[in-house]
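Heads up: the structure comes next, in structure tokens.
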Ligand SMILES: Nc1ncnc2c1ncn2[C@@H]1O[C@H](COP(=O)(O)OP(=O)(O)O)[C@@H](O)[C@H]1O
Ligand SMILES: [Mg+2]
């Protein structure tokens, strides 16, 4: 591993064996997270973002399976471990989840229980990782929970501890989930569409909150979204996914100033611009849907929707990643040295 990186994913492959065929949800994916920085993963729904996140945490459920690749992680005590080689339910993996890498979801109810109060769940999340579960420890957990709720901007944290999730608004629930994810002071936070279900003002507040927490806690973040606007606010590095593959990656600056893959260009055109008043101007939506990658053809996955598609070139194989400028990679036959 490079010393500035906390996580290096290489050649990750995750498949679902279905009756219809082999669904390649994550198809030879490479990702790098620099310590203390935010990697944004962007792509339309169905591109493989969530399955990538679960593959990193080794929480892919059957019929899904991580078939190959490595997930190298640098632990708190400086060891380099391959999480993909660990048994999903091993003691070691359980100690990684929550304490080293924590995940928050679009839908708070995926990680929160409706039948326990916010406080009970936060305390429990803390205690499961402690060897001693005495009263002093419980008190410590309660104090930590209140501190975290305060940090994520909840008013009256003491009272909120006694609330059930359904008693909170969407934004507050999302804050509680972030607080819960931070209970064990993780070093990497994977946020999977954390603001998608919220309205725009609350979305901005949650995004700001995460950036502020990142600074004070020196956290590394993987921020997953289908929204280019959000990515532009948070990411240091960007990885564009399509049909289970990384199509383009580079620093945020490279992706926004010099978007190179036709898919990235189209995603960028779909961001609404303030004050755009050109008559008849419309947001440039990408027509068609992301296909399902069951037994994918040996071609560029985007070619069926690409406006620049060249028959005989783009459907003649899977393009490899080409470096178009230092650290900026693109998977397209029509770009870089392979293209014209
Ligand atoms: N449990 C599952 N069973 C079968 N297919 C799945 C399952 N979960 C995800 N997939 C498929 O894997 C692909 C990637 O899904 P996902 O990672 O959830 O996309 P994203 O998060 O980018 O919207 C999709 O084609 C989806 O249909
Ligand atoms: Mg998803």
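Bear in mind these aren't lab numbers, they're just calculated from the coordinates by the rules spelled out. The structure displayed is predicted, hence computed values, not measured ones. Glycine gets a Cβ as well: all are built from the backbone with ideal geometry, and neighbour counts include every protein chain shown.
Listing for the model above:
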| quantity | calculated |
| --- | --- |
| In degrees, nearest ten, helix 135-151 long axis to first principal axis of the chain (Cα) | 50 degrees |
| Relative contact order for the chain, counting Cα pairs under 8 Å that sit 6 or more residues apart, in percent | 20 percent |
| Inter-label distance for residue 162 and residue 310, nm, one decimal - labels placed 7 Å from Cα along Cα-to-Cβ | 7.0 nm |
| Range of Cα positions in the stretch 39-109 per principal axis (Å), largest first | 36, 24, 24 |
| Space enclosed by the convex hull of the alpha-carbon atoms of the stretch 112-185, per residue, Å³ | 78 Å³ |
| Relative contact order for the stretch 112-185, counting Cα pairs under 8 Å that sit 6 or more residues apart, in percent | 44 percent |
| Intensity falloff of the stretch 1-147 expressed as log10 I(q)/I(0), Debye formula with alpha-carbon point scatterers, at q = 0.13, 0.17, 0.21 Å⁻¹ | -0.71, -1.10, -1.36 |
| Rounded to whole Å, sorted largest first: equivalent-ellipsoid semi-axes of the stretch 66-194, Cα gyration tensor | 27, 18, 12 |
| Computed over the stretch 289-340, the ratio Rg/Rh where both radii use C-alpha atoms and Rh is Kirkwood | 0.99 |
| Mean-position separation - Cα centroids, the stretch 50-80 and the stretch 3-48, in angstrom | 9 Å |
| Exposure proxy ranking, count of Cβ atoms within 10 Å, fewest first, for 74, 144, 34 | 34, 144, 74 |
| Peptide ranges 65-71, 23-29 listed from the most packed, as the mean C-beta count within 10 angstrom indicates | 23-29, 65-71 |
| Peptides ranked, highest mean first, by Cβ atoms within 10 Å: ranges 255-265, 171-181 | 171-181, 255-265 |
| Proportion of all alpha-carbon pairs of the chain beyond 30 Å (%) | 39 percent |
| Calculated [θ] (222 nm, deg cm²/dmol) that DSSP helices of n ≥ 4 give over the chain, each run adding -39,500 (n - 2.57) | -8500 deg cm²/dmol |
| Euclidean distance of C-alpha centroids, the stretch 198-223 and the stretch 118-177, integer Å | 19 Å |
